[in-house]
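Q: Below you will find the structure I want to go over with you.
The values are calculated or read from the model by the stated rules, or taken from the named source; none is laboratory data. Please read these numbers as outputs of a predicted model, since none were measured by experiment. Neighbour counts are summed over all protein chains in view; Cβ atoms, including those assigned to glycine, are modelled from backbone coordinates with ideal geometry. Please note that ligands, DNA and RNA were not included when accessible areas were found on the heavy atoms of the full protein model with its side chains. Shrake-Rupley method; radii C 1.70, N 1.55, O 1.52, S 1.80 Å.
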Amino acid sequence: MNALILLLGALLLLVAFVRYPLPNRYWLLLATLALAAFTLAGGFSWPWGLLAWGLWLGPVLLLSVPDWRRRYLSKPLIARISKMLPPMSQTERDAIESGTVGWEAELFRGNPDWKRLLSMPRPRLSEEERAFIDGPVEELCRRIDDWDITHNRKDLPPEMWDFLKRNRFFGMIIPKRYGGLEFSATAHSEVVMKVSARSISVGVTVMVPNSLGPAELLLHYGTDEQRDYYLPRLADGREIPCFALTAPEAGSDAGAIPDSGVVCEGDFEGKKVLGLRLNWNKRYITLGPVATVLGIAFKAYDPDHLLGDEEELGITCALVPTNLPGIEIGERHFPLNAAFMNGPNRGRDVFVPLDFVIGGREMIGKGWRMLVESLSAGRGISLPAVGTGAGKLAVRATGAYARIRKQFKIPIGRFEGVEEALARMGGLTYFMDAGRLLTLSALDRGEKPSVITAILKYHNTEKMRQVVNDAMDVHGGRGICMGPNNYLGRGYQTLPVGITVEGANILTRSMIIFGQGAIRCHPWLVREIESAGENDLEGFDRALSGHVGYFVGNLARAFVYGLSGSHLAPRPFGGRTGRYFQRLAQMSAAFAVIADVSLMLLGGAFKRKEKLSGRFADALSYQFYASAILKKFEDDGRPRADLPLVEWSVKYCLYQTQHALDEILRNFPSKPLGLLLRLAVFPLGLSLRQPNDSLGHRVAALVIRPGAVRDRLTRGIFLSMEEGDITGRLEVALRKVIAAEPVEKRLRAAGQVKPERQDWLDWYRQLREQGVIGEEDEKRLREAREATLEVIAVDAFEPGELEGLNRSGRAEAA
């Protein structure tokens, strides 16, 4: 009985500790007093009492008495950690230290503040930005003939290039004082999403000058002279930019680029000046074949010490006109039949003045930090917008097609197998859009969230792949036959492009998201590492003390939330979505505990545990998306009709988070410790489940039914109601098919069945002549039938029409 009382008392104290935040010293005092009261009341026999007090007072005194803690804990630990810390290259350090942290840190630390999440402003367009999207962007989308661009021309038409330049599409991020549009990150994302959903070739052409490229680097690091000269010319298209980073032997390991720039004196425009002699070999450079100004990354060297004592100066970025002697540029790659300009370029002994270095000579050697800080913003806008746009187009088109296309006399969208794909498409599209919007909120507040943008780039391109694959499965043969009327094929072909660029997805997941997140988001880890590296015992001791309190708090939260089925976790309000906040708080606390123990156990060796790191990346990522989904629902005004989409996507995220944590524990480096962690964070076992069939049915029904929910889900892509447009005819046909459904239902109820050999239109006329249906009914049936045949038709070519498409090209080294 005494043991039960002690257990209940400890549990109540633990719940109070979790629910009511007070300084740790007060809780230690309260727990000590409670243990003393229990002892004085005769709760212990003397051997058990001695053991209990020893187990309690030993750790408490060791951690609470500063001198003891420093002597017996901090000093041995700092000596051990100093030896364990792996060497960190400058490129790794720059990548880790770049950017800012935001909401992801709340999730990482195990105690998310829901008020902070919900108070973040919703991304909004200004009137000027909305006018641009409704005007020039809409007109651009209307003009796009993607088959002509990708199949016939392998390029944008000249008049489209002129339209882009004239309307300053290449100057969206450039301030107005330089002639640019000075758009927000939200507007930038909306433009890329709308255009790329219409044509990935045009979308990439628009996005690259506004993403990682010379304009972004000039804005943040350029000299006044560089900005004044280049930015107006980039804004109006007089200069076409590209940025060359990737080399044949240095892709993901950008720090290994062999391209060089040697400081020397040389002749430039008739004058002897101090400059750099550049040699490089780059590939995969988008817009490279048509670029007039080349941003280039290389390693700078000063063997003659013309700038100082150091010889190896580090990665440097420069702007180089492409018409200089020694530059070879203009060849094209052909990335999966996309028509955007992409190709290799080379330079041999190209001399440029030091003024060509972005930011001038003071920025020599600082190029890698420049790149990773710019990339953290750019990869959070362009590629996630492409993924979201592809998802919205796929789900809208596939929903319509699944309602129009019939097999066994019923729409294929009502087959359970197809419903499963449609539900996944709808839920993942909502997922992508929510993550995009929450990230844009941070970017428009001036943040540079390096971890979140890596999460977004990885998952929005991966989920794009899933959604487009599902769309192709539903369309079947209609999707695989290329031609002017195929609205899915080119997007399907180019899926790997988004997966590969701006940080290959395998690398992003297994090394960057958690590797960078652990350093940036953990409240004490950086201080401990820095103090250990500097042998600062006082600083290390303060950080260690804070770390212990942080860990104990998360461990208590994870256990209490797990034991209560998350009912004791905080939530901002009640209702159906309130429970999801509680579930997410439970996952956040469990994640924080497991991550902390893993980092303490493995130390520097964690760097090589890429599978473990990838699973932590999944757990952190899905928590972020669950947060974004719940916030989007609130920002949208909590439309009740959207709840199936919200619930499907949140349940999916929560289950994936739990699954990732379960896989970490199953593969934990120490099996006994993994078992103890499982008992601590999942005391009732794994309780979260995937979205069930009933919920999936409701989501699929929304996807195939025209209405406000479908429109909100696919908001922001180009929509046409013209029968001559490849997606417009889907929208027209969908409405005609739905208008005919009541007539078809009456005919079935009356037992009317079309004779097997009779033509459909003849049968409709016969029914009218017999008085079974009226003229208006016949018209509806006829229009629905004709529209259906148009939608399900596939392109076919005359003999010889497809000949001569293959072009020989010099193979690049693998």
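Q: For the chain, which semi-axes, largest first and in whole Å, follow from the square roots of 5 times the eigenvalues of its Cα gyration tensor?
A: Equivalent-ellipsoid dimensions as semi-axes: 50, 43, 20 Å.
Q: How large is the translational diffusion coefficient of region 202-241 in µm² per second when you combine the Kirkwood radius over alpha carbon pairs with Stokes-Einstein at 25 °C and 0.890 mPa s?
A: 237 µm²/s
Q: For the pair H697 and R579, what calculated FRET efficiency results from E = 1/(1 + (r/R0)^6), where r is the Cβ-Cβ distance and R0 = 22 Å, to the nearest 0.05?
A: Here the calculated transfer efficiency is 0.55.
Q: A follow-up question, please. Subtracting the Cα-Cα distance from 0.36 nm times the residue separation, let me have the gained length for R735 to R130 in nm, one decimal.
A: Full-extension gain reported as 215.0 nm.
Q: Using only alpha-carbon positions, what ratio does the radius of gyration of region 277-416 give when scaled by 2.2 N^0.38 Å?
A: Taking the Cα Rg and dividing by 2.2 N^0.38 Å, one obtains 1.62.
Q: Tell me the accessible surface of R19 in square angstrom (1.4 angstrom probe, heavy atoms of protein chains only), to the nearest ten.
A: Roughly 110 Å² of R19 is accessible to a 1.4 Å probe.
Q: In region 239-283, what GluC sites (Glu not before Pro) fall in a loop by DSSP, with at most 11 other Cβ atoms inside 10 Å?
A: For GluC sites (Glu not before Pro) across region 239-283 that sit outside H, G, I, E and B with at most 11 neighbouring Cβ atoms in 10 Å, the list reads E249, E269.
Q: Tally Lys and Arg at +1 and Asp and Glu at -1 over the other residues with C-beta under 9 Å from the C-beta of A244: what net charge comes out? Write out the running numbers ahead of the final one.
A: On the way: positive: K282, R283; negative: D259.
That sum, taken over residues with Cβ under 9 Å, equals +1.
Q: Compute the accessible area per residue over the chain, keeping the other protein chains in place, probe 1.4 Å, unit Å².
A: Accessible surface, normalised per residue, equals 44 Å².
Q: Could I ask something else about it? Assuming R0 = 60 Å, can you tell me the calculated FRET efficiency for the pair V273 and E534, based on Cβ-Cβ distance, to the nearest 0.05?
A: 0.90
Q: Here is a further query. Any idea how far apart R765 and K75 come out in nm if each label point goes 7 Å out from Cα toward Cβ?
A: Once both label points are built, they end up 10.4 nm from each other.
Q: Moving on to the next point. Using only the Cα atoms, work out Rg/Rh for region 596-694, with Rh taken as the Kirkwood radius, to two decimals.
A: Ratio of gyration radius to Kirkwood radius: 1.07.
Q: Suppose the Debye formula is applied to equal point scatterers at every Cα of region 577-641; what is log10 I(q)/I(0) at q = 0.21, 0.22 Å⁻¹?
A: Relative scattering, expressed as log10 I(q)/I(0), comes to -0.86, -0.91.
Q: I would also like to ask the following. Give the lysines whose C-alpha is closer than 26 Å to that of K745, dropping any in the same chain fewer than 8 places away, or say none.
A: Within reach: K406, K409, K736, K754, K779.
Q: Under 13 Å from the 7 Å Cα→Cβ point of R348, by amide nitrogen: which residues of region 262-294?
A: Correct set: 279-281.
Q: Still on this structure, please answer the following. In bins 10 Å wide, starting from 0, what share of all Cα pairs of region 285-332 does each bin hold, as a percent?
A: 24, 38, 26, 12, 0
Q: With a length cut of 18 Å (Cα positions projected on each helix's long axis) and a Kyte-Doolittle mean of at least 1.0, go through the chain and give me the DSSP H helices that pass.
A: Going by DSSP H runs, the hits are 2-19, 24-40, 46-64.
Q: Could you tell me the calculated FRET efficiency between E138 and Y20, based on Cβ-Cβ distance and R0 = 45 angstrom, to the nearest 0.05?
A: With a Förster radius of 45 Å, E is 0.25.
Q: Using a 1.4 angstrom probe with every protein chain in place, what is the largest-first accessible-area order of C481, C653?
A: Sorted by accessible area, descending: C481, C653.
Q: Using only the alpha-carbon atoms, what does region 480-550 span along each of its principal axes? Please give whole angstrom values in decreasing order.
A: For region 480-550, the Cα extents along the three principal axes come out at 70, 23, 13 Å.
Q: Take region 646-777, drop everything but the C-alpha atoms, weight them equally and run the Debye formula without solvent; then report log10 I(q)/I(0) at 0.16 Å⁻¹ to two decimals.
A: -0.98
Q: Next question. Label points 7 Å out from Cα along the Cβ direction at R746 and D304: separation in nm?
A: About 9.3 nm, to one decimal.
Q: Any chance you could look up the accessible area of D253 with a 1.4 Å probe, heavy atoms only, rounded to 10 Å²?
A: Its heavy atoms expose roughly 100 Å² to the probe.
Q: In whole percent, and with a 1.4 Å probe on the protein chains, what portion of the accessible area of the chain is carbon and sulfur? Don't skip to the end; give the middle numbers.
A: Details: 19560 of 35970 Å².
Within the chain, the accessible surface is 54 percent carbon and sulfur.
Q: Gain in length, S260 to D711, computed as 0.36 nm per residue apart minus the alpha-carbon separation, to one decimal in nm?
A: 157.2 nm
Q: At 1.4 Å probe size, with no ligands or nucleic acids counted, give the accessible surface of F340 in Å², nearest ten.
A: Its accessible surface works out to 10 Å², give or take rounding.
Q: Among M432, A442, Q407, whose Cα projects farthest towards the positive end of the dipole of region 403-515, with charges put on the beta-carbon of Lys, Arg (+1) and Asp, Glu (-1)?
A: Farthest towards the positive pole: Q407.
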